[in-house]
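A short reminder: the numbers here are calculations on the coordinates, not readings from a lab. Please read all numbers here as calculations on a predicted model, not as lab measurements. Here the Cβ positions follow ideal geometry from the backbone for every residue, glycine too, while neighbour counts run over all protein chains shown.
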């Protein structure tokens, strides 16, 4: 099909060239015979035919009240480059928006599962990478997802600690309730239990609210919260602090790479 177009264009150019030469020849003859009007017409027509036959060699032709502009390949390449740039910008915006929606929509029970949000984050990363977006742009697009799943992990790690502290609070209250009435204000047992309950209450409230923390501060804040918790026995603290340390490398990798090192571990933990 393409070769037929090229052949047809060549034939047209040859015909125009021949016609132009004939008209110029006739124009010259008429000029010799002093037929000025016919000579002018012949020469003018000849020039037009010749220009038409060779116009592909000119980007722009101006003169004799005639302006001809041809399209060059560079123009097409420029348009294509502009379209790719616009597509890239659109992908960056949509990538960030999709990541934001996956991270925030339906947080009250209708949110994406970790596996679903992880799959979407991977697609966003792959699309932006294929469009050769800057690493900072890709990081910006995935930041909402990163922040939310680190927060989700923080709450998961805090759940057993919160449960244990609530349990200890109830045990202390039951002990205090066993003190026979009337309770003396200076009763050492009553005062000791009251002080322990007060210290426990002050630790639990406001507690460790990961939603108020930057993602890179969450793991450190949880570690401090557990290690400084009153009433927790040493074995409980060691067990959960060791778990925090194991997760710290995963979180550091996520913060640096905007990706999880061990997807199956995250899926298992966040979808329990």
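Packing, as the average of other Cβ atoms within 10 Å across residues, places the peptides 118-125, 257-264 in the order 118-125, 257-264, highest first.
Label sites at residue 166 and residue 126, each approximated as a point 7 angstrom past Cα along Cα to Cβ, lie 4.1 nm apart. Per residue, the average separation of C-alpha pairs within less than 8 Å and at least 6 apart gives region 157-228 a relative contact order of 34 percent. Based on the Cβ-Cβ distance of residue 29 and residue 79, what FRET efficiency does E = 1/(1 + (r/R0)^6) give at R0 = 45 Å, to the nearest 0.05? Here the calculated transfer efficiency is 0.40.
Label-to-label distance, residue 227 versus residue 115, with points set 7 angstrom from Cα along the beta-carbon direction: 3.7 nm.
The calculated P(r) of region 213-258, using every Cα pair and 10 Å bins from 0, goes 26, 50, 20, 4 in percent.
Model label sites at residue 177 and residue 135, defined 7 Å from Cα along the beta-carbon direction, differ in position by 5.9 nm.
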